[in-house]
1. If you roll a 1.4 Å probe over region 37-76 with all protein chains in place, what percent of the accessible area is carbon or sulfur?
2. Does region 4-79 classify as rounded, prolate or oblate by the C-alpha gyration tensor (a ≥ b ≥ c root eigenvalues; a/c under 1.5 gives rounded; else a/b over b/c gives prolate, otherwise oblate)?
3. State whether region 55-94 is rounded, prolate or oblate according to the following rule on the C-alpha gyration tensor (a ≥ b ≥ c being the square roots of its eigenvalues): a/c under 1.5 gives rounded; otherwise a/b larger than b/c gives prolate, and the remaining case gives oblate.
4. For Y44, what residues show an amide H to amide H distance below 5 Å, using hydrogens built from the backbone and excluding near sequence neighbours?
5. When only DSSP loop residues count, what trypsin sites (Lys or Arg not before Pro) in region 1-40 have their Cβ near at most 15 other Cβ atoms within 10 Å?
6. With every protein chain present, what is the per residue accessible area of region 1-44 (1.4 Å probe, Å²)?
Amino acid sequence: ASVVQKRALPKGEILCDEGDVGQALYVVIRGRLEVIVGDEVRGYIGAGEVAGEMALLDGGPRSATLRTAEAMEIYEMDREDLLETLDAHPRLAMTLLRTLARRILAAENPRRIDGDRTPGRDLKFVG
């Protein structure tokens, strides 16, 4: 059985809602996701980037709503399959940890300068 599902999505589709329990992780193949907190678009996640990993790993609620900004394609993986994959491929776990660390730093530093507002991409700090 395949652990990853490929999905084509139209513009405006909600993948997950802020506050929901995380059930899946998403890898963007083509297109962009909007990261929405409250009613504000806080950033974008584009091709080659991962979304939904924080709630999936810690079992907590989703920290943001993810909505397609345009027609797009994603890979989707559920929590059990992700944990098995990370166990079998430790280098993938390290890559995911780097992504998490960058996003946490970006979220905690309001003075961040990031032209395309993509969480975790090429962070630059004022100061």
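1. 47 percent
2. Oblate.
3. Oblate shape, in that a/c is at least 1.5 and b/c is the bigger or equal ratio.
4. Residues meeting the amide H criterion: V35, T118.
5. Answer by residue number: K11.
6. Computed with neighbouring chains in place, this is 60 Å² per residue.
The values are calculated or read from the model by the stated rules, or taken from the named source; none is laboratory data. This one's a predicted model, so the numbers in the text were calculated from it and none came from an experiment. We place every Cβ from the backbone using ideal geometry, glycine too, and count neighbours over all the protein chains shown. Each accessible area value is taken on the protein alone, full model and side chains, heavy atoms only, with ligands, DNA and RNA left out. Shrake-Rupley method; radii C 1.70, N 1.55, O 1.52, S 1.80 Å.
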